[in-house]
Amino acid sequence: MAKIGDRVPSVTFRTRKDGDWLDVTSAELFDGKTVVLFSLPGAFTPTCSSTHLPGFMTLSGAIKEAGVDSIICLSVNDGFVMSAWAKDQMVEDEVIMLPDGNGDFTDGMGMLVDKRDLGFGPRSWRYAAVIANGVVEKLFEEDRTAPGDPFEVSDAQTVLTYLEGRAKDAA
Ligand code: BEZ
């Protein structure tokens with residue numbers, strides 16, 4: 001599992017843009033930037049669609065005002081699914097929708113979990129992270145010992161509260 005101070009995995013993400021493939025690298029996403037990444041078990045799933053993603057969309061302005069350059073929503077889904085979910089959720093440019101279809105980034109973060117019981121296969125555990133210049137600064141990882149799909153600490157408000165404290169400390 002990723003620890004504070006770890007560098008994020010070096011991965012090429014195969015995204016879809018305007019009907020074509022667009023490869024995006026970890027370096028392009030993270031180098032020289034402060035990034036909030038949140039990761040969830042699946043596009044179009046209930047909590048992810050009703051709460052996790054919309055929470056970050058709603059608070060995206062405040063999160064960026066607190067010193068964040070970009071917000072990434074990651075899921076172990078392919079680029080077509082992530083694009084369709086972004087359209088369905090009316091995501092514009094406030095959140096980058098990042099498909100980790102092979103699970104390589106998620107595996108490198110130590111966050112790949114087996115959801116075979118749901119017919120999902122390997123997916124991401126639910127977490128959020130503040131990543132500064134490609135290095136994990138803070139992790140908000142849901143409790144792996146809790147039953148089901150806990151959603152207590154990786155929400156947008158919890159991340160924003162941390163960022164506001166960080167901005168105050170830096171002032
Ligand atoms: C949910 O977001 O509610 C969910 C995620 C994974 C499996 C089932 C439900």
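The values are calculated or read from the model by the stated rules, or taken from the named source; none is laboratory data. Everything quoted here is computed from the prediction, not taken from an experiment. Neighbour counts are summed over all protein chains in view; Cβ atoms, including those assigned to glycine, are modelled from backbone coordinates with ideal geometry. We work out accessible area using only protein heavy atoms, side chains counted, and drop any ligands, DNA or RNA first. Shrake-Rupley method; radii C 1.70, N 1.55, O 1.52, S 1.80 Å.
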Query raised in the report: In the range 34-48, is there at least one residue being under 26 Å from residue 158 (Cβ atoms), in contact with an Asp or Glu (Cβ under 6 Å, 6 or more places away or on another chain) and not charged (D, E, K, R)?
Result: yes
**Report entry** Tally, over the range 90-148, of residues that are within 16 Å of the ligand (Cβ to nearest atom), hydrophobic (A, V, I, L, M, F, W, C) and in a loop (DSSP other than H, G, I, E, B)
**Finding:** 4
Report task. Residue by residue through the range 25-58, note down the ones that are touching a residue at least 24 places away in the same chain (Cβ under 8 Å), open to solvent by 10 Å² or more (accessible area, probe 1.4 Å), away from the ligand (no atom under 12 Å from the Cβ) and not in a helix (DSSP H, G or I). Result -> 31, 32, 33, 34
Requested in this report: Return the residue satisfying two criteria in turn: it lies in the range 59-76 and is part of a helix (DSSP H, G or I) and either touching an Asp or Glu at 6+ places or on another chain (Cβ under 7 Å) or in contact (Cβ under 8 Å) with a residue 60 or more places away in the chain (or both), and of such residues it is farthest from the ligand (Cβ to nearest atom).
Outcome: 62
Requested in this report: Answer with yes or no whether residue 79 is at pLDDT 95 or above, open to solvent by less than 20 Å² (accessible area, probe 1.4 Å) and within 16 Å of the ligand (Cβ to nearest atom).
Outcome: no
Report task. Tell me, please, whether a residue that is polar (S, T, N, Q) and surrounded by fewer than 18 Cβ atoms within 10 Å (Cβ to Cβ) can be found in the range 109-129. Result -> no
